[in-house]
1. If you rank ILE7, ILE93 by fewest surrounding Cβ atoms within 10 Å, what's the result?
2. List every residue whose amide H lies under 5 Å from the amide H of THR212, counting only residues 5 or more places away in sequence or on a different chain, with H placed 1.01 Å from N in the peptide plane.
3. Sorted by mean Cβ packing within 10 Å, highest first, what order do the peptides 240-251, 307-318, 192-203 take?
4. How long are the semi-axes of the equivalent ellipsoid of segment 1-141, defined as square roots of 5 times the Cα gyration tensor eigenvalues? Whole Å, largest first.
5. As a footprinting exposure proxy, order TYR188, TYR175 by other Cβ within 10 Å, with the fewest listed first.
6. Which order results if LEU133, LEU69, LEU40 are arranged by neighbouring Cβ count within 10 Å, fewest first?
7. What list of ³J(HN,Hα) couplings, whole Hz, do you get for segment 237-243 from phi and the Karplus terms 6.51, -1.76, 1.60, once you set θ to phi - 60° and write x for glycine and proline?
8. Sorted by packing (mean other beta-carbon atoms within 10 Å per residue), highest first, where do 134-146, 155-167 land?
Amino acid sequence: MKPSVFITRKLPEEIVAPLKEKFTVRMWDSEDVAVTHAVLREEITQVDALWTMLSDTIDRDMLESATNLKVISNLAVGYNNIDTEAANEMGIIVTNTPDVLTETTADLAFGLLLATARRFNTAEKELRQGGWLSWTPMGFTGMDVHGTTVGIIGMGRIGEAVARRAKGFNMDVLYHNRSRKPETEEEYGVAFAELDDLLQRADHVVILAPFTEETKGMIGGRELGLMKKTATLISVSRGCIVDEVALYDALKNKKIFGAGLDVFETEPVPVRHPLLTLPNVTAVPHIGSASVKTRLTMMKLNVDAITDVLEGREPANRVV
Ligand code: NAP
């Protein structure tokens, strides 16, 4: 019997075709709506390979029922949606899609920074609603980006790509990681800072650390209170790193200038979410890696990883 694969979202046929040639492939039939918990629970008990999206939670309980499962390949670089510790204990390989999305995600992060600092959303909304009555000297004024200081929390692959962009805008770059990166400091002319120091000095703070037990709620009321009143916070890695109640308070009470959000504590973010009522929030729906080329390239990495594991080879981009 051929090994079987379940794909938790409808993906382009041409991408899935190589898997279909070799394996029995079943695929959730919607592009827009996530697989139901019941279907995922049922499939995971049967299949040899699971191709997941970042919106699928694969916990220990689910993994315990996965008697045939050999590999989970996640369409993302972040894998906080999968209990990798449990998978490792059970000998289930987990793979992700790093590197190929780095530049595209950095483009989005930097774009969100520009949009937030220069208030693109308010300006466009006013224009479309007929609110552009005349050119006004201080109308729609925001914060400069060029020549300012950006603080990057999580100077990894994407953090470095944002730093490269910042250098093109003549910005000073501070970064905070758990470990210093002397070669990166030398190559890009960036400076390490402790978290509090970075928050106090940066004009724009960009969050690019992974979501872990350690980073959960890392930016709360105290941290936001350290930031400049004129500063922006750009959140691109995972929403749970920022305490959204504290962020709402900071934005509403103008303790910081604005926030650019690609990620949220709960996704999809409810349309009535308090943060979405604030004019100084620029929000997009988790589109960091969303260019056609990058998403298709990420999918090809998943196909390769699943094929490698099911044919007995070591896959690239193995997380555990
Ligand atoms: P990466 O290369 O692994 O970089 C992550 C960086 O975060 C590392 O330099 C790491 O350095 C640092 N870090 C880890 N824990 C930390 C902590 N507790 N405090 C401070 N820094 C910490 O990952 P990447 O490829 O750049 O991706 C980063 C994250 O972006 C992913 O995990 C994913 O969640 C997110 N992402 C989002 C999108 C989107 O669509 N919005 C797209 C792609 C990726 P140390 O280990 O030295 O601390």
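1. Numbers: ILE7 26, ILE93 21.
In increasing order of surrounding Cβ atoms, one gets ILE93, ILE7.
2. none
3. Details: 240-251: 20.5, 307-318: 15.2, 192-203: 18.2.
Sorting 240-251, 307-318, 192-203 by mean packing, highest first, produces 240-251, 192-203, 307-318.
4. Working: eigenvalues 363, 57, 42 Å².
Working through the eigenvalues yields semi-axes of 43, 17, 14 Å.
5. On the way: TYR188 17, TYR175 28.
If I rank by nearby Cβ atoms, fewest first, I get TYR188, TYR175.
6. Working: LEU133 8, LEU69 24, LEU40 20.
Ranking LEU133, LEU69, LEU40 by Cβ neighbours within 10 Å, fewest first, gives LEU133, LEU40, LEU69.
7. In residue order, the calculated couplings are 8, 9, x, 5, 6, 9, 6 Hz.
8. Numbers: 134-146: 11.4, 155-167: 21.5.
With the highest mean Cβ count within 10 Å placed first, the list reads 155-167, 134-146.
The numbers here are math on the coordinates, done by the rules we state, and not lab data. Small disclaimer: the values here were computed from a predicted structure and weren't measured. Quick reminder, even Gly has a Cβ in these numbers, built from the backbone with ideal geometry, and neighbours come from all protein chains shown.
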